[in-house]
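As structure tokens, the structure follows; a few thoughts come after it.
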Amino acid sequence: MADNRFFANAGPFTLGELAQRCGAELAAGVDHAVRVIDVAPLESAGPQQISFLDNSKYGDAFGHSQAGACIIRPAMAAKAPPGMALLLSPDPYRSYAQVARAFYPMPAPEPGVSARATVDATAVLGDGVRIDAGGVIGPGAEIGARAWIGSNAVIGAGVIVGEDCVIGANVCISHAILGKRVNIFPGVCIGQDGFGFAMGPQGHLKVPQLGRVMIHDDVEIGANSTVDRGAGPDTIICAGTKIDNLVQIGHNVHMGRGCVMVAQSGISGSTHLGDFVIVAGQVGIIGHLRIGSGAQIAAQSGVTRDVAPGAKVGGSPAVPLTEWLRHSVVLSQLAHKKGR
Amino acid sequence: MADNRFFANAGPFTLGELAQRCGAELAAGVDHAVRVIDVAPLESAGPQQISFLDNSKYGDAFGHSQAGACIIRPAMAAKAPPGMALLLSPDPYRSYAQVARAFYPMPAPEPGVSARATVDATAVLGDGVRIDAGGVIGPGAEIGARAWIGSNAVIGAGVIVGEDCVIGANVCISHAILGKRVNIFPGVCIGQDGFGFAMGPQGHLKVPQLGRVMIHDDVEIGANSTVDRGAGPDTIICAGTKIDNLVQIGHNVHMGRGCVMVAQSGISGSTHLGDFVIVAGQVGIIGHLRIGSGAQIAAQSGVTRDVAPGAKVGGSPAVPLTEWLRHSVVLSQLAHKKGR
Amino acid sequence: MADNRFFANAGPFTLGELAQRCGAELAAGVDHAVRVIDVAPLESAGPQQISFLDNSKYGDAFGHSQAGACIIRPAMAAKAPPGMALLLSPDPYRSYAQVARAFYPMPAPEPGVSARATVDATAVLGDGVRIDAGGVIGPGAEIGARAWIGSNAVIGAGVIVGEDCVIGANVCISHAILGKRVNIFPGVCIGQDGFGFAMGPQGHLKVPQLGRVMIHDDVEIGANSTVDRGAGPDTIICAGTKIDNLVQIGHNVHMGRGCVMVAQSGISGSTHLGDFVIVAGQVGIIGHLRIGSGAQIAAQSGVTRDVAPGAKVGGSPAVPLTEWLRHSVVLSQLAHKKGR
């Protein structure tokens, strides 16, 4: 499936190996020694490829698929075309992700510091670190074992990058401490001053920003996003939170574990998110709010008040999702009356 | 007009030369050998400068202009001040662009690879390539003839950059194939992972992103924009599409030919745009939609449903433009009633 | 308070010194020779620390604070806990900013050009300039005294950077003239082409962008923001204006003195802002408008018409703020009726 200019296929694998890697069970009668050579979508997969079915609306494609093997929920097994080898999983999409990763593992960085990188004499590099051409590591910075610092990335004085982090090209990080396996995409800026001024007609006076950015394990931050450091407290992003491209995180923001923030959304200063909050694209959240764990915020919403745990909101200013959907209906009805 | 610190004037030109370059005809009696030395706006142009009139609301400025020459539609010729040399064009703004380019041609990059650039031994460079200081070209990458790679730009393994491309400073490109004359502005990130996870309370598991970014001829992408690579299919931007700054293009998006995307807009994963679609500033389009050719989407709209070819929509959620305009009127009337 | 990995404390200071630096007066009976060692928030400050009270809603925290010293408005003095040394200021937040800066001064850049920087032979460097590894200075560029060019920043041909500017890592500047003490955060792109095309079915033809970007003294521009150069006129940002992260400034925009633009907002081409305009987060302003001095635009607004000096507007399309607030109320009432 994948272009071998860019991706190296580590297959083939036997169905037995794949089932084990992805938490699936082989259906009765499937030969665990059968080999597949690649992943592919249901429509294009052939007899030597493995696919998956997660959404029952693709049941038709499933029924007609030529895929040699397929990861499905047990309840779908009866609808499989004859001859297809079935891997039964309670979460086929997650299982597919694991199978795809087996075929296309993350390239392990070859250790080494490029002769074109600039590493301060007081920086500390762990075993197996890789630093690409143009990378700059400041005084007192610490780069954990096996971390990969991309080309032209700039790691400021004192910054700590944890083990197995991947820092993309042209990233800039200052005043920050990163946990393990943090994945920072190209162009991200972390740790610059928050936007704090004592405003007035004689001019806006910068208020020194004396906090840090604390990023816990397994966080991902998308391309060209920005995370300001705290004003005194820290800006904190807890473990497993995933942030998309062009997102803005203001100073003193606290994001809990497992949050998801979609592209071009932003959070203003000192707002606190619980765990597993979902913030859709282009959402804005004003400062000093509390967004409860499990809350979900619809795309383009403007959140101006606290959101209760588990609540779903939409609109600008944001209201409960069901109310927001009624707004649209009401407006549409009124507009049609007027239009007549 | 232009500051010679930054722009080199290639003039003077005769009116005959300029008319030929810009698809205009000299009006009856105009001496094709008369020379002009620069372009300038109607208000400030003098007898040695050439200007243009595209919008009839500036007819007054035209009538009083001191410009020695002016590009206009034939229908406006009768309103010209005496003595002004007229160049008649069906599209004066396009003709102006061509005349301005004659005076201020794009600087041709002087070929050469900076001693401060880092080019992998397996990369292939075409004739006349220029690579500036800090540029990094990865293994197996191919840079077409006369392409210009700016300072500190990072071209990843296997990437193909077509002939006559201009890649700005601090750009990062991976997993991508670019056509000819593609213009990538500074700070753009192309080819990083799309935002795809198998989400769940046990953590969000990254789904390997196994597609590419395909960018066809004559595409332009504005500063600090981001284009994610496909998840399996490719992300595709067809010929002649122009993208402004800080725009987000999600994985698997297909943009047709000649589309225009204004700053800070975004398209979510797997949405398909036809040709010549216009997406105004800060628009968001959710995933898996079809936007027909020639559709126009008003600024800040949130598009949540398919849009028919040629349709105009506005609002969040977006509705037909005429309906959206009525929404504003209705709301205003109700608010005024309430305010009394 | 601040982590000494990242911040160096220049204290202790006597209360007399601090009062003088921050425009405050010591209350009657306060010993000007008493020393404090740090700043801290009211809740956590101890006897050797100085805090401030700006917002009377924190009066309780003030009454119970253990802070050795506090900056307050004179009217609050009677509510201070016994033993607290008071510094009386008409603007405690501004005074706090000055005290915090005394303890944590901006690190003065150590002069010097990194051996890894690339400076064109025709560039002119003032006294005490610092250029970090990977910095690139183009032909004819001028860098003012004591300016600091960060790692991998790219300063294009002819650009002028004024005295005491700080240019962050991975910044790209072309076609621009910067005043004194301008602070450009990492990842910012300044001076690229504005988004101007003669559009048409035969393709969109770029209109040469022949203006510059003029940035006056004491401007700050946040991380990954973008400022396009003018099309013929210049793009101008006047003294003391502060711009947050991921902001887009289109070609020919004029921003007056002391404006504030919050993250992810954008201004389209040729719009003119007066002085001290406040543009909140994710606002969009269309082109060719006039926004009067002192106007305030609420978050996520879409401004489509001129705004009078001092006016407050909100909504998309934006209307007077009071009307916009009524819109929300009206919609909510109608939706509840319908929902019953």
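The values are calculated or read from the model by the stated rules, or taken from the named source; none is laboratory data. A quick note: this is a predicted structure, and the numbers were derived from the prediction, not measured. Ideal geometry is used to build each Cβ from the backbone, glycine not excepted, and the neighbour counts take in all protein chains shown. In case anyone asks, the SASA skips ligands and DNA or RNA and just uses the protein heavy atoms, side chains included. Shrake-Rupley method; radii C 1.70, N 1.55, O 1.52, S 1.80 Å.
Plainly put, the range C:139-187 has a radius of gyration that is 0.91 times its Kirkwood radius, both from alpha-carbon atoms, as the Rg/Rh ratio.
Which of the GluC sites (Glu not before Pro) across the range B:1-71 are loop residues per DSSP, with 16 or fewer other Cβ within 10 Å? Intermediate results must be reported in sequence, preceding the final value.
Working: sites: B:Glu17, B:Glu25, B:Glu43; in loops: B:Glu43.
Those satisfying the criteria are B:Glu43.
Please compute, over every Cα-Cα pair in the range B:188-289, the percentage with a separation greater than 21 angstrom.
Values: 1359 of 5151 pairs.
Percent of Cα pairs beyond 21 Å in the range B:188-289: 26.
Relative to its residue count, the range A:215-340 spans a Cα convex hull of 89 Å³ per residue.
Averaged per residue, the range C:27-129 has 52 square angstrom of accessible surface, using a 1.4 angstrom probe with ligands and nucleic acids left out.
When C:Asp306 is represented by a point 7 angstrom out along its Cα-to-C-beta vector, the spacings to that point in the other copies are 4.5, 4.5 nm, nearest first.
Across peptide B:281-289, the average count of Cβ atoms from other chains found within 10 Å of a residue's Cβ is 5. Once the 1.4 Å probe is applied to the protein heavy atoms, the range C:236-320 comes out at 29 Å² accessible per residue. Inter-copy label distances for A:Asp31: 9.2, 9.3 nm (label point placed 7 Å from Cα along Cα→Cβ; shortest first).
Among the residues of C:263-270, the average count of other protein chain beta-carbon atoms within 10 Å of the residue beta-carbon is 6. Over the protein assembly as shown, the ratio between the Cα radius of gyration and 2.2 N^0.38 Å evaluates to 0.96. Evaluated at q = 0.10 Å⁻¹, a Debye calculation over the C-alpha positions of chain C (equal weights, vacuum) places log10 I(q)/I(0) at -0.78.
Can you give the helix-only mean residue ellipticity at 222 nm for chain B, where every DSSP H stretch with n ≥ 4 adds -39500 (n - 2.57) and the sum goes over all residues, rounded to the nearest 500 deg cm²/dmol? Don't skip to the end; give the middle numbers.
Details: 4 runs with 45 residues, N = 340.
Here the helix-only value at 222 nm equals -4000 deg cm²/dmol.
For the range C:93-181, with all protein chains in place and a probe radius of 1.4 Å, 58% of the accessible heavy-atom surface sits on carbon or sulfur.
Comment: the Cα-to-Cβ extended label point of C:Pro82, at 7 Å, lies 9.6, 9.6 nm from its counterparts in the other copies, nearest first.
With a ≥ b ≥ c the root eigenvalues of the C-alpha gyration tensor of the range C:4-88, is it rounded (a/c under 1.5), prolate (a/b larger than b/c) or oblate? In terms of gyration-tensor shape, oblate.
For the range C:222-312, trypsin sites (Lys or Arg not before Pro) meeting the loop criterion (DSSP other than H, G, I, E, B) and having at most 14 other Cβ atoms within 10 Å: C:Arg305.
Can you say what percent of the DSSP beta bridges in the protein assembly as shown, counting only those with both residues inside, are antiparallel? Round to 5. Write down the numbers at each step before the final one.
Working: 24 of 217 bridges.
Expressed as a percentage, antiparallel bridges in the protein assembly as shown total about 10.
Take each residue of peptide C:203-216, count the partner chain Cβ atoms within 10 Å of its Cβ, and average: the result is 6.
A simple spin-label model places the labels of B:Ala311 and A:Ala28 5.0 nm from each other, with each point 7 Å out along Cα-to-Cβ. A protection proxy built from the mean count of other Cβ atoms within 10 Å ranks the segments C:321-334, B:106-119, most packed first, as C:321-334, B:106-119. Each chain gives up part of its surface: A and B jointly bury about 4700 Å² of accessible area, both sides summed, for a 1.4 Å probe. Comparing the full protein assembly with the isolated chain (1.4 Å probe, heavy atoms, ligands and nucleic acids excluded), the residues of the range B:301-340 losing at least 50 square angstrom of accessible area are B:Glu323, B:Arg326, B:His327, B:Val330, B:Leu331, B:Leu334, B:Ala335, B:Lys338. Kirkwood Rh over alpha-carbon pairs of the range B:1-153, then Stokes-Einstein at 37 °C and 0.692 mPa s: what D in µm² s⁻¹, rounded to an integer? For the chosen part, D equals 186 µm²/s. Straight-line cross-link partners of B:Lys180 among the lysines, defined as a Cα under 18 Å from its Cα and at least 8 positions apart when in the same chain: B:Lys242, C:Lys206.
The aspartates and glutamates whose alpha-carbon is closer than 16 Å to the alpha-carbon of C:Lys312, local same-chain residues fewer than 8 away aside, are C:Asp275, C:Glu323.
So between B:Thr122 and B:Ser44, what do we pick up on full extension, going 0.36 nm a residue minus the alpha carbon distance? Let's see the in-between values first.
Values: separation 78, 0.36 × 78 = 28.08 nm, distance 5.41 nm.
So the extension gain works out to 22.7 nm.
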